[in-house]
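Okay, structure first, notes after.
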Amino acid sequence: MKPSGEQHEIVSGDLRAVVTEVGATLRELTAGGVALIDGFGPEEVCTGGRGQLLLPWPNRIRDGAYELGGRRQQLALSDPLLENAIHGLVRWSNWRLLDRSDDRVRLGITLHPQPGYPGLLELTAEYSLATEGLRIEVGAANRGSEPVPFGCGSHPYLKPAADVVDRGLLRVPARSYLEVDERLIPTGRRLPVDGTRYDFRRPRPLGDTSLDTCFADFEEPVVEYDGRRLEWDQGFHYAQLFTGDTLAPERRRRGLAVEPMSCPANAFNSGEGLLILDPGSSWRGGWRIIPA
């Protein structure tokens, strides 16, 4: 048995992807044998969130605490260094196989009520290959009896042609970024990229720029990096870019994380971009990874 459980391989032409049982994680994506993402091996445990789905919230929740219906909710501090809850509740859970074909696989999981999150959600993730690349579509349905907060994100690392990210050309057509505090929680200030090191509206090499930055106000719903393109649906309004400088030394700056998000960090408290799923309601959203 593999550390990430069953391996679901899909193929279309020269495109190949592997999605794991644990977390419905995108472990591998290649075009003509060339890696498009910086994933992880079949005998490895996922590190740095590589290819994971971030549900029912992306990024961080300050102190792992928020209020829902006048009641304080307390999540486990899964980001102990900064004392936050991070990246949702399903990254390390086993997702069941719902359907598959040669070029498509659909997985699902039931997220039951638990301390800090009283929701009962039915979650699905479908990965499908076509000539234009890989399409990922996530669905969420509230099967419980009360409204619950919800956000969605993903954490693939686009792999550069070189060994490190520095020389890759980056284009981020975003007009602003979110200022954060020392715990990487947004302060509430949305700042223009003009004249800053965060202005990648015209393609330029990433260089030694260190990013763990949430971009917003996109002119186009896309990030392009070193011949790879990640684009997303209208349900996503933010993208976190992370150069991996805080990862283990052997993984630092080996790939550029491009994380489409429906809401930014701490949305359960700020309300920014937050979705409230009423009982019986549902949500769907998706993104694509496209080779050059």
> Within region 155-168, is even one residue open to solvent by 30 Å² or more (accessible area, probe 1.4 Å), assigned to a strand (DSSP E or B), among the hydrophobic types (A, V, I, L, M, F, W, C) and over 30 Å from residue 85 (Cβ atoms)?
Replying inline: no
>> With the structure loaded, tell me whether residue 194 is without any contact (Cβ under 8 Å) to a residue 40 or more places away in the chain, in a loop (DSSP other than H, G, I, E, B) and closer than 30 Å to residue 226 by Cα or whether it fails that test.
In response: yes
> Got a number for residues in region 131-148 being on the phi < 0 side of the Ramachandran plot, in contact with a strand residue (DSSP E or B) (Cβ under 7 Å, 6 or more places away or on another chain) and at pLDDT 95 or above?
Replying inline: 12
>> I'd like the full set of residues that are surrounded by fewer than 16 Cβ atoms within 10 Å (Cβ to Cβ), part of a loop (DSSP other than H, G, I, E, B) and either touching a helix residue (DSSP H, G or I) at 6+ places or on another chain (Cβ under 8 Å) or in contact (Cβ under 8 Å) with a residue 40 or more places away in the chain (or both), limited to region 6-53.
In response: 6, 13, 42, 43, 44, 45, 47
> Do the conditions hold for residue 189, that is, is it free of Cβ contacts under 8 Å to residues at least 60 places away in the same chain, outside any strand (DSSP E or B), touching a strand residue (DSSP E or B) at 6+ places or on another chain (Cβ under 7 Å) and surrounded by fewer than 14 Cβ atoms within 10 Å (Cβ to Cβ)?
Replying inline: no
> Which residues, taken from region 156-181, are touching a residue at least 24 places away in the same chain (Cβ under 8 Å) and farther than 17 Å from residue 204 by Cβ?
Replying inline: 156, 157, 159, 163, 176, 178, 180
> Which of the residues that make up region 18-70 are under 14 Å from residue 2 (Cα atoms) and of a type outside the set (A, V, I, L, M)?
Replying inline: 20, 21, 23, 25, 27, 40, 41, 42, 43, 44, 46
> Among the residues of region 245-292 satisfying the criterion of being buried (at least 16 other Cβ atoms within 10 Å of the Cβ) and of a type in the set (Ser, Thr, Tyr), which is nearest to residue 44 (Cα to Cα)?
Replying inline: 262
> For region 112-136, which residues satisfy the criterion of being open to solvent by 10 Å² or more (accessible area, probe 1.4 Å), touching a residue at least 40 places away in the same chain (Cβ under 8 Å) and within 24 Å of residue 72 (Cβ to Cβ)?
Replying inline: 115, 118
>> If residue 68 meets every condition in (1) over 17 Å from the mean Cα position of the chain (by Cα); (2) open to solvent by 40 Å² or more (accessible area, probe 1.4 Å); (3) among the aliphatic types (A, V, I, L, M); (4) closer than 20 Å to residue 120 by Cβ apart from one, which number is that one?
In response: (2)
> When only residues in region 232-244 that are in contact with a Lys or Arg (Cβ under 9 Å, 6 or more places away or on another chain) and surrounded by 20 or more Cβ atoms within 10 Å (Cβ to Cβ) count, which is farthest from residue 168 (Cα to Cα)?
Replying inline: 232
> Looking at 229, 202, which is the one that is outside any loop (DSSP other than H, G, I, E, B) and basic (Lys, Arg)?
Replying inline: 229
>> Condition first: free of Cβ contacts under 8 Å to residues at least 40 places away in the same chain, touching a strand residue (DSSP E or B) at 6+ places or on another chain (Cβ under 7 Å) and not in a loop (DSSP other than H, G, I, E, B). Now tell me which residues in region 68-82 satisfy that.
In response: 72, 79
> Does residue 144 meet the test of being open to solvent by 20 Å² or more (accessible area, probe 1.4 Å), under 25 Å from residue 284 (Cβ atoms) and in a loop (DSSP other than H, G, I, E, B)?
Replying inline: yes
> Condition test on residue 56, is it under 24 Å from residue 144 (Cβ atoms), surrounded by 21 or more Cβ atoms within 10 Å (Cβ to Cβ) and not charged (D, E, K, R)?
Replying inline: yes
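The values are calculated or read from the model by the stated rules, or taken from the named source; none is laboratory data. Given the structure is predicted, the values throughout are model-derived calculations rather than measurements. Cβ coordinates were reconstructed from backbone atoms using ideal geometry, including for glycine residues, and neighbour counts include every protein chain displayed. Heads up: the accessible areas ignore ligands, DNA and RNA and are worked out on the full protein's heavy atoms, side chains in. Shrake-Rupley method; radii C 1.70, N 1.55, O 1.52, S 1.80 Å.
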